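Each remark here refers to the structure printed beneath this line.
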Amino acid sequence: MKEKTNQVVVLACSGIGKVYGALARETLYELMERVRPGVVVTTCLPLLMIEDPEAKKLVADHPVITIDGCPKSCSHKNLEAQGVNAARTYQAIKFYTAHKDLKPDGIVELDENGRKLAAIAADELAQVVDELAEGGGK
């Protein structure tokens, strides 16, 4: 069981070349840099895939939120491969379906709509982050 922590790990999709992968990553950056700096932390998904000891310890010691760009759910599946269950899981497209006026575009860098959508998604996740940081949820 994970102890009360002040940090929450967010693992975002590494789906290079996919708009919803870019949305997942941009949402993570918004969480780390604007919404909950110092609370939201991350690690490189490939480091977790190769079982880097520091990456494994990070996800084992803190609650984890996964944000995937497609139904393959690579972030979620790679976390489970380490024997860790995600506290919460999200598909980036769900944020778009809730805000269809902000159709994202761009694969390396999101367009203005994509950046706005990532900011909204991060704002929506703030309460979840706060709850997990205070030890709520698993």
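Any idea which of HIS99, HIS76, HIS62 is touching a strand residue (DSSP E or B) at 6+ places or on another chain (Cβ under 7 Å) and more than 18 Å from SER14 (Cα to Cα)?
Unique residue meeting the criteria: HIS62.
From PRO37, PRO71, grab the single residue that is within 19 Å of ILE107 (Cβ to Cβ) and surrounded by fewer than 18 Cβ atoms within 10 Å (Cβ to Cβ). Step through it out loud before you land on a result.
Values: PRO37 fails: within 19 Å of ILE107 (Cβ to Cβ).
One residue alone meets the criteria, PRO71.
Within the stretch 1-34, how many residues turn out to be modelled with pLDDT of 95 or more, farther than 19 Å from ASN113 by Cβ and β-branched (Val, Ile, Thr)?
3
Determine, yes or no, whether GLY106 is farther than 23 Å from ASP123 by Cα and in contact (Cβ under 8 Å) with a residue 24 or more places away in the chain.
Judged against the criteria, GLY106 is not a match.
Taking the residues in the stretch 42-78 that are acidic (Asp, Glu) and at pLDDT 95 or above as candidates, determine which candidate is nearest to ASN6 (Cα to Cα).
If we take residues in the stretch 42-78 being acidic (Asp, Glu) and at pLDDT 95 or above, then ASP61 is nearest to ASN6 (Cα to Cα).
Rundown of residues vs (1) touching a Gly at 6+ places or on another chain (Cβ under 8 Å); (2) at positive phi; (3) not hydroxyl-bearing (Ser, Thr, Tyr), yes/no style:
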| position | (1), (2), (3) |
| --- | --- |
| CYS13 | yes, no, yes |
| ILE16 | no, no, yes |
| MET49 | no, no, yes |
| THR66 | no, no, no |
| ALA81 | no, no, yes |
| LYS103 | no, no, yes |
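Which residue, of ALA86, ALA92, ALA55, ALA121, is surrounded by 13 or more Cβ atoms within 10 Å (Cβ to Cβ), under 20 Å from PRO37 (Cβ atoms) and within 16 Å of the chain's Cα centre (by Cα)?
Answer to the check: ALA121.
Looking at ALA81 and the list (1) of a type in the set (Gly, Ala, Ser); (2) exposed (fewer than 13 other Cβ atoms within 10 Å of the Cβ); (3) in contact with a Pro (Cβ under 9 Å, 6 or more places away or on another chain), which single condition is not satisfied?
Of (1) of a type in the set (Gly, Ala, Ser); (2) exposed (fewer than 13 other Cβ atoms within 10 Å of the Cβ); (3) in contact with a Pro (Cβ under 9 Å, 6 or more places away or on another chain), only one is false for ALA81: (3).
Could you list, in sequence order, the residues of the stretch 102-115 that are surrounded by fewer than 13 Cβ atoms within 10 Å (Cβ to Cβ) and either modelled with pLDDT of 95 or more or in a helix (DSSP H, G or I) (or both)?
The one that is surrounded by fewer than 13 Cβ atoms within 10 Å (Cβ to Cβ) and either modelled with pLDDT of 95 or more or in a helix (DSSP H, G or I) (or both): GLU112.
Only one of ILE120, ILE50, ILE67 is in contact (Cβ under 8 Å) with a residue 40 or more places away in the chain and among the aliphatic types (A, V, I, L, M); which? Let's see the steps before the verdict.
Working: ILE120 fails: in contact (Cβ under 8 Å) with a residue 40 or more places away in the chain; ILE50 fails: in contact (Cβ under 8 Å) with a residue 40 or more places away in the chain.
Only one candidate qualifies: ILE67.
The values are calculated or read from the model by the stated rules, or taken from the named source; none is laboratory data. Keep in mind that what you see is a predicted model, and the values were worked out from it rather than measured. Neighbour counts run over all protein chains shown; Cβ positions are idealised from the backbone, glycine included.
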